[in-house]
1. Using modelled amide H (1.01 Å from N, peptide plane; none on Pro or chain starts), what sits under 5 Å from the amide H of residue 261, excluding residues fewer than 5 places away?
2. For the range 241-246, just list the computed ³J(HN,Hα) in residue order, Karplus coefficients 6.51, -1.76 and 1.60, θ = phi - 60°, integers in Hz, with x standing in for Gly and Pro.
3. Roughly how big is the range 163-317's charge dipole about its Cα centre, with Cβ charges of +1 (Lys, Arg) and -1 (Asp, Glu), in debye to the nearest 20?
4. Show me the ranking of peptides 270-276, 342-348 by mean Cβ neighbours inside 10 Å, starting with the highest.
5. Just for the chain, what percent of DSSP beta bridges are antiparallel, to the closest 5?
6. Taking other Cβ within 10 Å of each residue's Cβ, how do 419, 316 sort, fewest first?
7. Round to a whole angstrom and tell me the spacing of the C-alpha centers of the range 339-389 and the range 34-59.
8. Can you order the peptides 412-418, 256-262 by their average number of other Cβ atoms within 10 Å per residue, highest first?
Amino acid sequence: MKSTRRIVAAGLAVATMFGTLGLAGCGSSSDTAQEENPKSIKIWHYEEDNGAQGKAWAKAMEIFEKKTGVKVEFEKKSFEQIRQNAAQILNSDEAPDVMEYNKGNATAGLLASQGLLTSLNDYVSKYNWDKKVSGTLADTGKYDDKGVMGSGDWYGITNYGEDIVMYYNKDMFDKYGIEIPKTLDDLEAAMQKFVDNGVTPLSEGVAEYPLQHLWWQLVLSKANDKFIKAYEMYDGDVDWQGEATTYATKTIKDWVNKGYISKDCTGTKAEDAGQAFMNGTYPMFFSGTWWFGRFQSDMKNANWTFATFPDTDKVVGSSGNIWVIPENSKKKDLAAQFIDITLSDEVQNLMGNSGGLPIAADPDKVTDEKTKELITSFNGVLEKNALGFYPDWPTSTFYDELNSSLQELVNGTTDVKGVLNQMKDNYDKGVEAAGVKS
């Protein structure tokens with residue numbers, strides 16, 4: 001699942017600039033000896049060069065070199081390289097000094113609990129990062145001694161965000177005389193009108209993340225903070241037969257039965273679902289803001305728009321991936337200075353103008369009108385503290401298990417109650433195996 005993609009809500013941004021060279025007297029709580037007068041710093045990430053993060057972070061490296069006189073040794077890695085080998089790499093002398101890593105309990109939390117990441121508490125205080133990275137954006141940077149996010153020391157700092165929105169092909173809506181929906185009733189009425197005209201409205205895929213994101217959004221529309229904390233942070237028991245999960249699962253089944261979602265989507269991957277929306281096969285696609293830049297470049301001849309899911313206080317989404325400093329790094333102060341530069345106005349504004357969602361940019365400096373709409377939408381989510389995270393985060397196996405259960409729901413081999421029982425059993429087994437619940 002992509003995790004990724006960002007401007008600042010009023011009250012989240014403060015003027016934290018580049019900071020000062022060297023953090024003598026700040027430092028981390030690490031026992032690793034720090035190199036004196038280093039000539040280079042090693043940075044890893046796995047973003048595309050032409051993407052919003054790739055462009056912004058390249059600028060950050062350029063600024064860093066000019067400001068410090070220290071050479072950046074950048075290596076682009078694949079997500080799978082880092083995911084599969086992170087623990088082994090970070091426990092060796094080959095570790096970078098700072099790297100992008102996936103947020104969440106089963107990823108950054110696990111490495112933090114193993115002592116492989118540096119506590120960033122002193123740097124957070126030095127640079128005032130907690131003034132920019134706050135609320136639910138901060139949850140994915142903090143981990144307790146069991147690796148559970150939301151409390152404990154800072155181990156990661158994000159500089160962008162992401163959420164899941166409904167994309168609408170306005171040309172198709174206009175063709176059938178249908179208004180862009182503003183409420184859930186409007187949405188269901190619009191989908192029914194498309195079905196009446198022989199059009200399946202929702203582009204979906206169950207082989208990967210799209211349908212589980214829709215399912216989780218429906219859960220969030222009925223869930224309260226207590227439920228989310230129990231589900232995501234193991235703070236209490238999850239009521240798997242309660243209102244939120246039952247409503248979401250029944251609604252998915254109902255939408256399949258009514259033809260709003262194709263029964264043939266069980267083997268469809270995210271890329272195929274996105275392409276089907278882009279080529280005009282489907283008028284709606286519920287997915288991440290990481291698609292935004294592609295839609296801008298690949299749908300130039302189409303009239304499209306987007307909005308957060310209607311009638312809900314919480315939306316699917318989170319911070320973006322986080323910068324972490326490996327415990328074995330001997331250049332931690334320089335690594336922290338680089339992280340701070342990624343939160344600077346210049347870098348954040350560039351990310352915004354490249355189609356990203358930076359958390360600390362100036363909306364007035366973003367020139368593209370549609371991107372401004374995206375930023376304004378995300379600002380509203382941040383102001384309401386409305387990010388509801390992702391459904392697969394609680395265990396390392398839950399992503400595939402959720403997809404499997406939803407495939408059975410869509411093709412009719414298991415009923416709503418049976419699907420919820422499957423989800424509960426898999427969730428409980430994964431949480432128990434991880435040993436994260438008191």
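Each value in this text was obtained by applying a stated rule to the coordinates, not by laboratory testing. This structure is a prediction, so every number in the text was calculated from the model and none was measured. For neighbour counting, all protein chains shown are included, and Cβ atoms are generated from backbone atoms with ideal geometry for every residue, glycine included.
1. Here the answer is 256, since their amide H atoms fall under 5 Å of that of residue 261.
2. In residue order, the calculated couplings are 10, x, 4, 5, 5, 5 Hz.
3. For the range 163-317, the charge dipole is close to 280 debye.
4. Per-residue mean Cβ counts within 10 Å order the peptides as 342-348, 270-276.
5. Close to 65 percent.
6. If I rank by nearby Cβ atoms, fewest first, I get 419, 316.
7. 20
8. So the peptides 412-418, 256-262, ranked by packing, come out 256-262, 412-418.
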